[in-house]
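Down below is the structure, laid out as structure tokens.
Please treat every number below as a calculation from the coordinates, not as lab data. These figures come from a predicted structure and were not determined experimentally. Positions of Cβ are generated from backbone atoms using ideal geometry, with glycine treated the same way; all protein chains shown enter the neighbour counts.
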Amino acid sequence: MPESLSIVPAPRYVELGDGPGLALGGGVGLLVGADPAEIALGVYVARLAERIGIGPVDMLALDDGRDQLIELRLDPAAGPADSDPAERYSVVVDRRRALVRAPTVAGLYYGVVTLRQTLRTHPAGYVYAPVLRVEDAPRYPWRGLSVDVARHFFPVEDIELVISLMGYYKLNVLHLHLTDDQGWRLDVPSRPGLVERSAGSAVHGARGGYYTAGEYRRIVTFAASRGITVVPEVDIPGHVNAALHAYGELTPSGEPTEAYTGIDVGFSRLTAGLPATGPFLRDVFTDVAAMTPGPYVHLGGDEVPTLDPAEYEALVGIAHDAVRDAGKTVVAWQEAATAPLAPGSVLQYWDPRDGHEAIIAAAAAGCRVLMSPGSRAYLDMKYDAHYPRGLEWAGHIELRDAYDWDPGVVIPGLPLESVVGVEAAIWTETLATVDELTEMLLPRLTALAEVAWSVPARRSWDSYRRRVAAHRDYWDQIGVRWYPSPHVNW
Ligand code: ACM
């Protein structure tokens, strides 16, 4: 990529031209199609233009021949020809016009994001886009971030900030870890006691909370406006103390457990032989599927040392069937590779301490694999031994560790085409505020975004570390806390 451009993630093809570029001031035209999704994107661009100092734009349905024009045009042939049409795009900027073309509105959005990352301020004070041409498409269709809102709760506004950051780096899946031992964070209609009795708690006595159905819809809608699908996770059959605390019928004694505010894992479990267990799993997963417009529901399945394999399979099976019956695709952590999952299900790899055989076998049977290796993608790991927050079980993850790996070769013997994508994860045992959260995400989330988006031939650490330095201006502008990794000349 030309030195003076700092687009992250790196596009497939970029060419920087000569000349003064497109000056953007108030009165710039914005030409968009009439489809509701195109109009919604147009409104987003118009608001953005005001916010970043371009000034008011005129939304146009027809080119009126004016001198400054941004055009968003649906075009099935736009973007690199050998790529999936779902998210590819092209951007061409000359002195008169910025033309963003894509086969889909999602692609148009990515074109807008790229255009925005190229904007500069002229010494004379106005904003302009340099003359350039970009042809771009992602390597992987799943580019995610998983956020643990169970150990500490983060209200809708915090999640919206995270979604905005994700959109800026072309991530497209927000996975919400909604339940765990320490708290239950989503109100589901069939079991109101879950939030009544288990939403108030969080790690070490921190304030809890939960999303009402309306707040969850707000998150889903805001995410959709940035091309992001929400994948809700209800973690079973372990990590369930919040459920056992709310409903005693789920424990062998019939008594609810105590609330749990520590940070141990692997001690709580459902019990297959109890009459309440099956209906609980069916009802909760049916509810969550019904509340979720996206195609995926995550059933957890991780860290269950206290369950024998047959009972584990039985419990995962009930949740799996409820998700399938609701018309959704199952996502589960890698431990579920031993359970019979429907072809097309997504297994999320996280623990390098485990063997790979079951995952390779599940992939051979039709599962897809999502890459979240703890030593690369777990953004709650400390940057280094001196960093005040975070965990260390998967090692320290400095910026280069988050950047310098290839998801295609993490599991030797796994076919390249079985890898559906990359997901960063941030667990919140030690992270209580949105500032603490973003300081762990930035800059490492941008490295993971490039790993997920950019093909290996088009990215390199040296190029990335130069480009990411320019992004501090954006983070400072929007007022988010970030970590000045010593790997970058900020
Ligand atoms: C996990 O980190 N227990 C999925």
Exercise. Taking only DSSP H segments of four or more residues, each worth -39500 (n - 2.57), what value at 222 nm results for the chain once the sum is divided by all its residues, to the nearest 500 deg cm²/dmol?
Worked result: -9000 deg cm²/dmol
Problem set entry | Rg over Rh, two decimals, the chain (C-alpha only, Kirkwood Rh) | 0.99
For this session: Could you calculate the contour length gain from ALA290 to HIS396, that is, 0.36 nm times the residue separation minus the distance between their Cα atoms, to one decimal place in nm?
Result: 34.3 nm
Exercise. What translational diffusion coefficient, in µm²/s and rounded to a whole number, does the Stokes-Einstein relation yield for the range 72-186 at 20 °C and a viscosity of 1.002 mPa s, taking the hydrodynamic radius as the Kirkwood radius over Cα pairs?
Worked result: 133
Exercise. Out of HIS386, TYR296, SER268, whose Cα points farthest toward the positive end of the dipole of the range 261-398 (charges: +1 Lys, Arg; -1 Asp, Glu; placed on Cβ)?
Worked result: TYR296
For this session: Express the relative contact order of the chain as a whole percentage, based on alpha carbon pairs under 8 Å and six or more residues apart in sequence.
Result: 14
Problem set entry | Spread of Cα-to-Cα distances over 5 Å intervals beginning at zero, given as percent, for the range 215-312 | 2, 12, 19, 21, 17, 13, 9, 5, 1, 0
Problem set entry | Spin-label model distance (nm) - TYR126 vs ALA470, 7 Å beyond Cα toward Cβ | 2.1
For this session: With only Lys, Arg, Asp and Glu charged, each at its Cβ (+1 for the first two, -1 for the last two), find how big the charge dipole of the chain is about the Cα centre; round to the nearest 20 debye.
Result: 1480
Exercise. What is the gain in length, in nm to one decimal, between ALA457 and ARG51 on full extension, counting 0.36 nm per residue of separation less the C-alpha to C-alpha distance?
Worked result: 142.6 nm
Problem set entry | Cα centroid of the range 91-110 to Cα centroid of the range 295-349, whole Å | 40
Exercise. Taking N as the number of residues in the range 285-373, what is its Cα Rg relative to 2.2 N^0.38 Å?
Worked result: 1.03
Problem set entry | Backbone N within the range 464-488 under 20 Å of label point (7 Å from HIS386 Cα along the Cβ vector) | 482-488
Seminar exercise, completed: Subtracting the Cα-Cα distance of GLU357 and SER164 from 0.36 nm times their residue separation yields 65.7 nm
For this session: With everything on Cα atoms, drop me the angle between helix 213-224 and the longest principal axis of the chain, reported from 0 to 90° to the nearest 10.
Result: 40
For this session: About the Cα centre of the range 84-206, how large is the charge dipole given +1 on each Lys and Arg Cβ and -1 on each Asp and Glu Cβ? Please answer in debye to the nearest 20.
Result: 740
Seminar exercise, completed: To the nearest 20 debye, the range 394-433 has a Cα-centred charge dipole, built from +1 on Lys and Arg Cβ and -1 on Asp and Glu Cβ, of 20
Problem set entry | Nearest 10 degrees, 0 to 90: helix 36-51 Cα axis against the chain principal axis | 70
For this session: Any chance you could give the angle, 0 to 90 degrees and rounded to 10, that helix 105-118 forms with the longest Cα principal axis of the chain?
Result: 60
Exercise. Among the DSSP beta bridges whose two residues both lie in the chain, what percent are antiparallel, rounded to the nearest 5?
Worked result: 30
